[in-house]
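Coordinate-derived values only; no laboratory data. What you see is a predicted model, and the numbers here were worked out from it, not measured in a lab. Backbone-built Cβ (ideal geometry, glycine too); neighbour counts: all protein chains shown.
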Amino acid sequence: MSEDKRKEYFEEIYKRYNSKDFIDTDPIYFPHVVKGNTEFIAFTSALFAYGNVKAIKKFLASYFDYTGTDPIKMNSFSNENIYYRFQTSADISSYSLAMNRLYDRHGSIRSIFERHADKGIDECLHLSILDIRNEFKTITNGVNFLFPIPGKSASKRLMMFLRWMIRKDEIDLGLWKGKIFQPSMLYMPVDTHIKRAAVNMGIVSSNTSPKVSLDKISNYFRELNPRDPAKYDFAISRLGISMGCKYSFSDSCVSCIDKKRCIFVVN
């Protein structure tokens, strides 16, 4: 199948699924509907976006309800009843304290990334995460999971956060306005749905390492859409999350409205 046909298909599903009608299936629901410091709400929502959507939303609702949504004016930092999968209640408290220090010292997460923006996106990511990790007194296993060093993993949640901040459409927030950060510099966040789609398209194999997958998948979409390589992320993921798509022939194909134009069943 030609790249033009693939791009045409991605544009079609973008128009259909890149809509607020689907935000309740994604952690971006919280920065859209919860009032407060939107950057902080988005950052927290992205960091804890692992596991099933129901569990993610339950935790985030509890966290914001308890701490509030302004990192400078948090109500409290410690609650033994607030924890999430790989993060203990102590890790959650440590995260809140680190965010309080970060916003008190720097004013925003954006300001940290801006300090390194002239070094190129890869070095910027690496140095910015190191700076954020330095706000923690101790890097536990739970904290390390939230802030993996870029280059050692696909950093899916970080890439998703940057997509939310830098792109602007009905889904993505576009809070980081200006010339420093542009959609063209983004990586494609690689979750299980994007990876499965990429495997079926022949971009990577199922056993390709996370970091290599990030580079190859991002480079593919960068060639397809140089100005906006992360544009189709939300739409492609909705195929799997909302429509049950397996990105290959399956029982869900029978009721799929895109089956005649599908690029995953026939390459």
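Quick rundown of the values:
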{"quantity": "Full-extension gain in nm, Lys119 to Leu224, via 0.36 nm per residue minus C-alpha separation", "calculated": "35.3 nm"}
{"quantity": "Rg and Dmax of segment 64-185, Cα atoms only, in Å", "calculated": "15.0, 43"}
{"quantity": "Pair Ser89, Lys179: separation of 7 Å Cα→Cβ label points (nm)", "calculated": "5.1"}
{"quantity": "Top of Gly174, Gly107, Gly51 by mean-square fluctuation, Gaussian network on the chain, Cα under 10 Å", "calculated": "Gly51"}
{"quantity": "Summed residue charge, Cβ within 13 Å of Met74's Cβ, Lys/Arg positive, Asp/Glu negative", "calculated": "-1"}
{"quantity": "Cα-based convex hull, segment 3-253, per residue volume (Å³, whole number)", "calculated": "126"}
{"quantity": "D_trans [Stokes-Einstein, Kirkwood Rh over alpha-carbon pairs] for segment 130-205, 20 °C, 1.002 mPa s, µm² s⁻¹", "calculated": "149"}
{"quantity": "Degrees separating the helix 121-133 axis from the principal Cα axis of the chain, which is the longest one", "calculated": "30"}
{"quantity": "Computed E for Ser250/Val212 - FRET, C-beta separation, R0 25 angstrom, nearest 0.05", "calculated": "0.40"}
{"quantity": "Potential lengthening between Ser76 and Lys259 on full extension [0.36 nm per residue; Cα-Cα distance subtracted]", "calculated": "60.8 nm"}
{"quantity": "Top of Lys211, Lys57, Lys177 by mean-square fluctuation, Gaussian network on the chain, Cα under 10 Å", "calculated": "Lys177"}
{"quantity": "Crossing angle, helix 89-106 versus the chain [Cα axis fit, 0-90 degrees, rounded to tens]", "calculated": "80"}
{"quantity": "Computed label-point distance, nm, for sites Glu8 and Ser205 using a 7 Å Cα→Cβ extension", "calculated": "3.2"}
{"quantity": "Extension gain (nm, one decimal) between Ile139 and Lys152, 0.36 nm per residue minus Cα-Cα", "calculated": "3.0 nm"}
{"quantity": "Derived scalar couplings ³J(HN,Hα) [segment 182-192; Karplus, 6.51 cos²θ - 1.76 cosθ + 1.60; whole Hz; x for Gly, Pro]", "calculated": "10, x, 5, 8, 6, 9, 7, x, 9, 9, 5"}
